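To start, the structure itself, in structure tokens.
The values are calculated or read from the model by the stated rules, or taken from the named source; none is laboratory data. Quantities reported herein were computed from a predicted structural model and do not represent experimental measurements. With ideal geometry, Cβ positions are generated from the backbone for all residues, glycine too; neighbour counts draw on all protein chains shown. For accessibility, only protein heavy atoms count, side chains too; no ligands or nucleic acids. Shrake-Rupley method; radii C 1.70, N 1.55, O 1.52, S 1.80 Å.
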Amino acid sequence: MRIFKKSPAVKRAGAIVLATLLSVGMLGACGSGSNSSSGSSGTKITIFNSKSEIQSQMEKMAKEYSQKKGVDVQVYSSTDAVVAHLSTKYASNDPYTISMVDPKDVYSLAKEHAIDLSDQKWVKDTKYALKIDNKVYGFPVSIEARGLLYNADAIKKATGKEFKPEDYKTLSAFKGLIKELQAGGMEHPTGVIKEDWSLVAHYLTQVYEEREDPDAFIKSLHEGGVDLEKDAKFTSLMDTFDVLKDNNYAKANAISAEREVTEQNLAEGKIAFMFGGNWDWSVIKDYDYTENMGEMPVPQDTKDGSNEKLVGGGSKFLFIDSSDKTSDKQRKAAEDFLNWLVYDKDGQSFIVNDCSLISPFANNKLEVKDPLGKSVKKYADADKLIPNYNHLPDDHFSVLGANFQKYLAGQEDRASLAKDIQNYWKSAKIYEAGK
């Protein structure tokens, strides 16, 4: 049973969206697309890109694809929330042919706005396709995963030993390493990103994900049947978080420390560890990073095996518009584009080499270049990814993020944080999928 707060229904947005359109004009998007190439079939497809860090790569790809395939491809982006932006497009009867969205957006939009892709060849080559009622609506773009980022060179410099992540899967072993790092001159070996999405959409969410039935656990939270202070998983993860928090280089000003500074410190070896994901490479790569970095499971004193796995899976998904504003010819061109990403050598290279993403398709054998991506791919290939929970309420990280930031700053104790989480879930407006 999947339960989550109901996203704003697109079909209810009409009046508000139309009013917005009249006041601010059409589309809060910046876009770029190729002109039809010579010999064009006359078919035009539009792509909405919600992954801002690859916008320039998407634009370049669209021009080259248009020239080679004779299909006019145009790419757009927006700074608005995905559902709000797409609601605007639907309300104006001008949907994108292909939309790139987060998993929860597929669940809220696909039944009404996407075609069933179950018959597509690529479905058999990935285990990350997104299904609703056993129909495939979401095409996975990449794999991303969360864990503890480490700088192995910095660890070796402070301890004099080669760093082997598997030796520190328990919290007790990790605490020992922290002491060794401090003895070796690294006074504050950790960094903590204070953003609400990192603290709550990424770290806290593991409390839900790292158990046999996340849906049942959240249902129990909603019904008031969980005492988090006595919950083994909450205790395990918060014990680890306390070690990260207490050894944070920015402990004195934890909620004002800039993410970029924390990532620079990790890149340059001033700290050894930081909770995050392989997406952080887009920031780290801009600094004078050391060569040996990676990602490991969050250390925990647990026997459930979660300290040997990362949490992750498909992170962005494409769906194709089902409305009568998109022609069958356009839908066929869109399907061809998805197959190009999977089976054409240029499409495969675009994902891995141009965008520095991890392909979710088994047939793509191109080597991931960045060290964080390499770590994630290793765990993915070994089937050691705990699936993301993709049904959090829309306000989960914004509401609980403020509470977690108080905890990070030492303004709230663990018991109070646990109560905050329990009270949030008790009052959350949730529903069962399919109803």
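Given the conditions (1) of a type in the set (D, E); (2) open to solvent by 30 Å² or more (accessible area, probe 1.4 Å); (3) modelled with pLDDT of 95 or more; (4) within 27 Å of F319 (Cα to Cα), and given that D167 satisfies all but one, which numbered condition is not satisfied?
(4)
Scan (1) at pLDDT below 95; (2) closer than 30 Å to I351 by Cα; (3) open to solvent by less than 10 Å² (accessible area, probe 1.4 Å) for the single condition D133 breaks and write down its number.
Unmet condition: (3).
Looking at V243, V226 in this structure, which one is crowded, with 17+ Cβ neighbours inside 10 Å, touching a helix residue (DSSP H, G or I) at 6+ places or on another chain (Cβ under 7 Å) and not in a helix (DSSP H, G or I)?
Answer to the selection: V226.
Within the stretch 395-424, which residues are buried (at least 17 other Cβ atoms within 10 Å of the Cβ) and more than 23 Å from K251 (Cα to Cα)?
Within the stretch 395-424, H396, I421, Q422, Y424 qualify.
Against the condition open to solvent by less than 20 Å² (accessible area, probe 1.4 Å), in contact (Cβ under 8 Å) with a residue 24 or more places away in the chain, in contact with a Lys or Arg (Cβ under 7 Å, 6 or more places away or on another chain) and under 28 Å from L357 (Cα atoms), how does E210 come out, does it pass? Quick ask: steps written out before the conclusion?
Values: open to solvent by less than 20 Å² (accessible area, probe 1.4 Å): yes; in contact (Cβ under 8 Å) with a residue 24 or more places away in the chain: yes; in contact with a Lys or Arg (Cβ under 7 Å, 6 or more places away or on another chain): yes; under 28 Å from L357 (Cα atoms): yes.
For E210, the condition - open to solvent by less than 20 Å² (accessible area, probe 1.4 Å), in contact (Cβ under 8 Å) with a residue 24 or more places away in the chain, in contact with a Lys or Arg (Cβ under 7 Å, 6 or more places away or on another chain) and under 28 Å from L357 (Cα atoms) - is met.
Tell me, yes or no, whether the stretch 312-324 has at least one residue that is in a helix (DSSP H, G or I), of a type outside the set (K, R) and crowded, with 19+ Cβ neighbours inside 10 Å.
The answer is no; no qualifying residue exists.
Among the residues of the stretch 276-299, is there at least one that is surrounded by 20 or more Cβ atoms within 10 Å (Cβ to Cβ), modelled with pLDDT of 95 or more and over 30 Å from F361 (Cα atoms)?
No, every residue in the stretch 276-299 fails to be surrounded by 20 or more Cβ atoms within 10 Å (Cβ to Cβ), modelled with pLDDT of 95 or more and over 30 Å from F361 (Cα atoms).
What is the number of the single condition among (1) in contact with a Leu (Cβ under 8 Å, 6 or more places away or on another chain); (2) open to solvent by less than 10 Å² (accessible area, probe 1.4 Å) that F337 does not meet?
(1)
Taking the condition without any contact (Cβ under 8 Å) to a residue 24 or more places away in the chain, out of contact with any His (no Cβ under 8 Å at 6 or more places or on another chain) and among the acidic types (D, E), does D394 pass?
No: the conditions fail for D394.
Within the stretch 341-371, can you find the residues that are open to solvent by 30 Å² or more (accessible area, probe 1.4 Å), in a loop (DSSP other than H, G, I, E, B) and among the polar types (S, T, N, Q)?
Of everything in the stretch 341-371, those that are open to solvent by 30 Å² or more (accessible area, probe 1.4 Å), in a loop (DSSP other than H, G, I, E, B) and among the polar types (S, T, N, Q) turn out to be S356, N363.
Conditions first: (1) under 22 Å from K303 (Cβ atoms); (2) modelled with pLDDT of 95 or more; (3) hydrophobic (A, V, I, L, M, F, W, C). A216 passes all but one, so which condition is the exception?
(2)
Considering each residue of the stretch 255-275, count those that are out of contact with any helix residue (DSSP H, G or I) (no Cβ under 8 Å at 6 or more places or on another chain), more than 18 Å from L177 (Cβ to Cβ) and either in contact (Cβ under 8 Å) with a residue 24 or more places away in the chain or of a type in the set (F, W, Y) (or both), and give that number.
Within the stretch 255-275, residues that are out of contact with any helix residue (DSSP H, G or I) (no Cβ under 8 Å at 6 or more places or on another chain), more than 18 Å from L177 (Cβ to Cβ) and either in contact (Cβ under 8 Å) with a residue 24 or more places away in the chain or of a type in the set (F, W, Y) (or both) number 3.
So if I check each of L148, L181, L199, which one is open to solvent by less than 10 Å² (accessible area, probe 1.4 Å) and under 16 Å from N307 (Cα atoms)?
L148
Do we have L221 as of a type in the set (A, V, I, L, M), touching a Phe, Trp or Tyr at 6+ places or on another chain (Cβ under 7 Å) and either open to solvent by 10 Å² or more (accessible area, probe 1.4 Å) or over 24 Å from G276 (Cβ atoms) (or both) here?
It is true that L221 is of a type in the set (A, V, I, L, M), touching a Phe, Trp or Tyr at 6+ places or on another chain (Cβ under 7 Å) and either open to solvent by 10 Å² or more (accessible area, probe 1.4 Å) or over 24 Å from G276 (Cβ atoms) (or both).
May I ask you to list the residues in the stretch 212-223 that are assigned to a helix (DSSP H, G or I) and either under 18 Å from D304 (Cα atoms) or of a type in the set (D, E) (or both)?
P214, D215, A216, F217
Let me spell it out: the conditions are (1) under 22 Å from I351 (Cβ atoms); (2) among the aliphatic types (A, V, I, L, M); (3) open to solvent by 20 Å² or more (accessible area, probe 1.4 Å), and A91 meets all of them except one. Which number is the exception?
(1)
Among the residues of the stretch 52-85, what is the count of those that are assigned to a helix (DSSP H, G or I) and closer than 28 Å to Q348 by Cβ?
So the answer is 19.
Listed here are the residues, each with its yes/no results for (1) modelled with pLDDT of 95 or more; (2) closer than 22 Å to S142 by Cβ.
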| position | (1), (2) |
| --- | --- |
| S66 | yes, no |
| V73 | yes, yes |
| Y76 | yes, yes |
| V83 | no, yes |
| K89 | yes, no |
| P95 | yes, no |
| V101 | yes, yes |
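Which one of K309, K270 is among the basic types (K, R), within 20 Å of E210 (Cβ to Cβ), at pLDDT 95 or above and surrounded by fewer than 22 Cβ atoms within 10 Å (Cβ to Cβ)?
It is K309.
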